[in-house]
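The values are calculated or read from the model by the stated rules, or taken from the named source; none is laboratory data. Not measured: the values here are computed from a predicted model. When we count neighbours, we look across all protein chains shown, and the Cβ atoms used for this are built from the backbone with ideal geometry, even at glycine. When the accessible area is computed, the model is the full protein with side chains, heavy atoms only, and any ligands, DNA or RNA have been set aside. Shrake-Rupley method; radii C 1.70, N 1.55, O 1.52, S 1.80 Å.
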Amino acid sequence: YEGRRPMDFSKMSNGTKITLIGGIVLFISSFLPWYGAFGFSINGWDSQFWAVFGILLGVAGAVVLALKVFGVFTAAVGPFKAEQIALMLGALGTIFLLLRLITETSNMKFGLFVGILSAAAVTFGAYTAMGEAGLDMPDMDDFKSFGGGDCSPPPPPPSEFAKPTEGVRGLRAPQ
């Protein structure tokens, strides 16, 4: 480990700290009981698609910022910086966990609520980190750089196919 300095957490922005703590708590909460009855319980990983995908997205949002903070890798996708990517991943993770809450409301346990709150913390932290970095909220114009935004409509069909001509049953083959 020659040449590596220890991480100075005092230089880390508050938004980044909130995001990283939220991601750690979300990961830990995924192993807590989310649903249960009659002495049996299941954790977030056994709570079907909405929960699993929400956990993965929320933790991925925290990991994107962690990689940047620890100097391993700086994520940038098109016009989006790491803080904006973390915001989008955290928000999607929170939405998926809320969908899990809405789709199954019986026999809920505390782990589900800890997971939703920690995913929301990832989102809030990324939003705060984004503001601290001087970045704007992503808007629809930012997505145009991926293609499809300025596409012209397809050309009209050739005129000989556009109008029916005389003949039996409407159309005749072009000559």
> Can you list the HN-Hα couplings for segment 98-108, worked out from phi with the Karplus curve (6.51, -1.76, 1.60; θ = phi - 60°), rounded to whole Hz and with x for Gly and Pro?
Replying inline: 5, 4, 5, 4, 6, 7, 9, 10, 9, 6, 6
> Under a 1.4 Å probe, what is the accessible area of segment 1-82 per residue, stated in Å²?
Replying inline: 62
> Using the per-residue mean of other Cβ atoms lying within 10 Å as a proxy for protection, in what order, highest first, do the peptides 125-137, 82-94, 37-49 fall?
Replying inline: 82-94, 125-137, 37-49
> Along its principal axes, what span do the Cα atoms of segment 1-123 show, with the longest given first and each in whole Å?
Replying inline: 55, 32, 22
